[in-house]
Amino acid sequence: MASTKPQLNYSEDVAPASQDSVGELADRVAIHTETYNIDESALGHDLPKHYYLSPGFIGTVVALCLGNISNYLGWTMPSNSLLLINESIGPSSNIGWVALSYTLGLSVAFLIVGRLSDIFGRRWLGYWTLQIRTLASCVVQAFLAVLT
């Protein structure tokens, strides 16, 4: 007995494209496959002269590189000394959960922070996270002063 797949019917309230707009689209499409069409302007063949030497492009590349380096260092430095940290705070067989919780926490945090920056804007999100970090650092310093 052969199984048959149920057919899904989707309906959208979209006006049919006129023949002129389809022709214009076909003139601009540079790469066409079954799943997507890439517009000619998205390929970057019409960039301004010396675009790759512009301050905006160089600043973007530098910012991305520094962000990646800080992310790598933020994980590599503690992970390399995880055994030393485990020995100093008390040996635990569950030290492997530290790496997993870091990765999962970062994954969830990226989604939340990305959405918050869409809602409030990057400038205000950066400002308020800096304020929260400063306050948290002061609180930690106060607790460390009390403990000593």
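The numbers here are math on the coordinates, done by the rules we state, and not lab data. Small disclaimer: the values here were computed from a predicted structure and weren't measured. Here Cβ is always computed from backbone atoms with ideal geometry, including for glycine, and neighbour counts include all displayed protein chains.
For this structure, a couple of remarks:
- Spacing of the modelled spin labels on A99 and Y72, each 7 Å from Cα toward Cβ, amounts to 1.8 nm.
- Multiplying the residue separation of D118 and L64 by 0.36 nm and removing their Cα-Cα distance gives an extension gain of 17.6 nm.
- For the range 94-148: rounded, prolate or oblate by the Cα gyration tensor [a/c cutoff 1.5]: oblate
- R0 of 41 Å, Cβ-Cβ distance D46-S107: FRET efficiency to nearest 0.05: 0.65
- HN-Hα J in Hz across the range 71-85 - Karplus 6.51, -1.76, 1.60, θ = phi - 60°, x for Gly and Pro: 5, 5, 5, x, 9, 5, 4, x, 5, 6, 10, 4, 5, 5, 5
- Computed from backbone phi with θ = phi - 60° and the Karplus coefficients 6.51, -1.76 and 1.60, the 3J(HN,Hα) list for the range 125-135 is 5, x, 4, 6, 5, 5, 5, 5, 5, 5, 5 Hz; x is used for glycine and proline.
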